[in-house]
Each structure stands twice: as structure tokens, then as C-alpha cells.
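**Student:** The following block contains the structure, expressed as C-alpha cells.
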Amino acid sequence: MGVTTGRRVRRPGRLIAEIVCVVIAGMVAFPVYWMVLSAFKPTGQIQAENPRPWTLTPTLEHFERVLSGEGFAMFFLNSVIVAVVVVALSLLLSFLSAVALTRFNFKGRTVLLVMVLVAQMVPVEALTIPLFFLMRSVGDVAPAFGTNHLGSLILVHLAFSLPFAIWMLRGFVAAVPQELEEASKIDGASRMRFTWQILFPLVAPGLVAISVLAFIHAWNDFLFAKTFIISNTENQTLPLAILVFFKPEDTDWGAVMAGSTLMTIPVLVFFILVQRRLVSVMGGAVKG
């Protein structure tokens, strides 16, 4: 009889795949590392001809310059308001829409599904100018949702986040057996109670995935913020606050990197809060 050992022999294919994954992860992580490093580097080291991937003299001067800038706290608050409202409305509207498109049979349902799918194929840049004129017209009727107001950003982000959210959440709702709803009806539960007390918790992992995507899209947005917030600086968001450090001849890269690092922190915090639910989404996708 041959002697077997407890050591696992790695297959060459798997080893190559692991090496490729490590290389890709390094390529993705390096820009983030360089951003954080530059935020702590002195100005002289940032502008050096041969910059080094480390620093022995970290400084907080760039963060102080960003935080002491005029209106930074206000811009931060505006970004939080837009992101939180977009996430909340996206979750509510996408859930109700997914339930309607999955659990109800009505005329035009297929057309609506096709329209939701087509809406995801239209480039953002192609709709920016038409949306600008639309929001300007909306402002004549409802000033809070017109240009130069945060309401315009919220509406536009909802318009772009809802199609993908509805399409994604529709799969989670369809995965819940129809027999479960029938059993709840036998037990005396109304459709409203089934929807919010049984169906909603079961699709919670999908809602978490949608919230992450909606938050990141709204938080990092620059195009819409630059397009719709033209002259009212009080309603500008954080990406526009960082824009002031870009100058034609002398860009303050230390402040740009420090501001970008500060912008990344809320995204990391939000991701940490929902990571367990997000992992369950990935696990369910793999099992499916």
C-alpha cells in the first residue's frame, strides 16, 4: 500500500489562477495606496521628478488645508443628503416595482420589463443635456427639484439607479416560492403583511447589494453635480469641493489626494456596515 500524506497538492492551473488574482488585486489596490500615500506626503516629495512609493516624513498639512477650506463641511453634508435619500428611495421604489412586476399579471408587464432593460443600455453622457433642460423645466413648477438644487441630483440619480435595481431585485423576488405566499394567506396574513413581514426580509440581501451600488454612484458623482449645480455653491457636493484645488498651472495634488481620501472613508464605512449581507448575496449567487 502506498503512503498518502495529508498535504494537498496544488494544481498548476489553480496556482496560476491565484497568481493572476493577486496581480489583478495589486493593480486595483495600487492607485488607492498611491492616493493615500500622496495625501500624507510633503509637497516637495509629491512634485519630485522621481517620486518614491513611501515617505519617512508624513504630514497632515494637506488634510488641514482641505478641512479648513471654505464650505467643506457643507459640501460633505450635501453629499450625505443626496446619497442617503437616493439609497432610501431606490430601495423602496425598486422593491415595490419588483414585487409588482413579479407577483402580478397585468397588461403591459412585458413592455415595462423591456423598457427597464433598455434604460440600462443608454449612456449617461447621451442623456445629460436633455436631463438638464428637463430639470430646468421642472424647476419652473417645483423649484426644489430644479437646477441649482439638491432635488435635481436626487431625481437624476434615481432615474439611473432604479432600472438596474428593479431588474436585479426582480430575480430575488422571483426566487421566493409562490407556495410561501399561499401558505401565508391560509394562515390569515394579508398581502400587505406578507409583502413587508415575510417577503421583504427574504430579499434583504438583494436590497443590500442595491444600496451599495446606489450609494457609491450618488456619492462619487461628478458629472451630474457639475451639470445641474451651476451657480448655487451652497448646494454643491464633495466632488465639486475638490475641484477648487485643480488649477491650470499649479494643481495642489496634496489637497486633491487628501480630499479624495476623505471622500473614500464614508464609502468604506458604509461597506463595512453591510458587508455581512453583501457576502450572503455573493454566496447565494454562487449556490444558484
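The values are calculated or read from the model by the stated rules, or taken from the named source; none is laboratory data. All values reported here derive from a predicted model rather than from experimental measurement. As a convention, Cβ positions derive from the backbone with ideal geometry for all residues, glycine included, and neighbour counts pool all protein chains shown. Areas reflect the complete protein model, heavy atoms only, side chains present, ligands, DNA and RNA absent. Shrake-Rupley method; radii C 1.70, N 1.55, O 1.52, S 1.80 Å.
**Student:** When you check Ala183 against the structure, is it small (Gly, Ala, Ser) and closer than 29 Å to Ile265 by Cα, yes or no?
**Tutor:** no
**Student:** Tally up the residues in the range 133-161 that are within 14 Å of Thr227 (Cα to Cα), open to solvent by less than 50 Å² (accessible area, probe 1.4 Å), under 22 Å from the mean Cα position of the chain (by Cα) and in contact (Cβ under 8 Å) with a residue 24 or more places away in the chain, please.
**Tutor:** The qualifying residues number 6.
**Student:** Residues that are among the hydrophobic types (A, V, I, L, M, F, W, C), not in a helix (DSSP H, G or I) and not assigned by the TED database to the domain that holds Met35: does the range 254-270 have at least one?
**Tutor:** Taking every residue of the range 254-270 in turn, none turns out to be among the hydrophobic types (A, V, I, L, M, F, W, C), not in a helix (DSSP H, G or I) and not assigned by the TED database to the domain that holds Met35.
**Student:** Say whether the condition of being assigned to a helix (DSSP H, G or I) and modelled with pLDDT under 90 is met by at least one residue in the range 34-43.
**Tutor:** Yes, because at least one residue in the range 34-43 is assigned to a helix (DSSP H, G or I) and modelled with pLDDT under 90.
**Student:** When you scan the range 44-80, how many residues do you find that are part of a helix (DSSP H, G or I), more than 12 Å from Ala255 (Cβ to Cβ) and aromatic (Phe, Trp, Tyr)?
**Tutor:** 2
**Student:** For the range 173-194, enumerate the residues that are farther than 15 Å from Leu113 by Cα and either touching a helix residue (DSSP H, G or I) at 6+ places or on another chain (Cβ under 6 Å) or buried (at least 18 other Cβ atoms within 10 Å of the Cβ) (or both).
**Tutor:** Answer for the range 173-194, where residues must be farther than 15 Å from Leu113 by Cα and either touching a helix residue (DSSP H, G or I) at 6+ places or on another chain (Cβ under 6 Å) or buried (at least 18 other Cβ atoms within 10 Å of the Cβ) (or both): Val176, Glu181, Ser184, Phe194.
**Student:** Now for a different question. Here is a check on your reading of the model: is Gly13 part of a helix (DSSP H, G or I), among the small types (Gly, Ala, Ser) and at pLDDT below 90?
**Tutor:** yes
**Student:** Go over the candidates Val84, Val99 one by one and state the one that is open to solvent by 50 Å² or more (accessible area, probe 1.4 Å), under 30 Å from Phe194 (Cα atoms) and in a helix (DSSP H, G or I).
**Tutor:** From the options Val84, Val99, the qualifying one is Val84.
**Student:** Looking at the range 210-239, which of its residues are more than 9 Å from the chain's Cα centre (by Cα) and surrounded by fewer than 21 Cβ atoms within 10 Å (Cβ to Cβ)?
**Tutor:** Matches in the range 210-239: Phe222, Leu223, Lys226, Thr227, Ile230, Ser231, Asn232, Thr233, Glu234, Pro239.
**Student:** Scan the range 43-54 for residues that are free of Cβ contacts under 8 Å to residues at least 60 places away in the same chain and in contact with a Ser or Thr (Cβ under 7 Å, 6 or more places away or on another chain) and jot them down.
**Tutor:** Gln45 - this is the single residue of the range 43-54 that is free of Cβ contacts under 8 Å to residues at least 60 places away in the same chain and in contact with a Ser or Thr (Cβ under 7 Å, 6 or more places away or on another chain).
**Student:** I'm told Arg170 meets every condition in (1) in contact (Cβ under 8 Å) with a residue 60 or more places away in the chain; (2) under 20 Å from Val85 (Cα atoms); (3) of a type in the set (Lys, Arg) except one. Can you identify the failing condition by its number?
**Tutor:** (2)
**Student:** I'm trying to understand the selection: among the residues of the range 187-232, which are over 23 Å from Pro266 (Cβ atoms), touching a residue at least 40 places away in the same chain (Cβ under 8 Å) and among the aliphatic types (A, V, I, L, M)?
**Tutor:** Within the range 187-232, Leu199, Val203, Ile230 qualify.
**Student:** Is it fair to say Ile242 is surrounded by 14 or more Cβ atoms within 10 Å (Cβ to Cβ) and aliphatic (A, V, I, L, M)?
**Tutor:** Yes, satisfied.
**Student:** Further, regarding this structure: Could you list, ordered by first residue, the pairs with Cβ atoms under 9 Å in which the first is in the range 16-31 and under 21 Å from Arg52 (Cα atoms) and the second is open to solvent by less than 80 Å² (accessible area, probe 1.4 Å) and of a type outside the set (Val, Ile, Thr), at least 6 apart or interchain?
**Tutor:** Matching pairs, first to second residue: Phe30/Pro53.
**Student:** Can you say whether Ser211 is closer than 19 Å to Val156 by Cβ and among the polar types (S, T, N, Q), as far as the supplied structure shows?
**Tutor:** Yes, satisfied.
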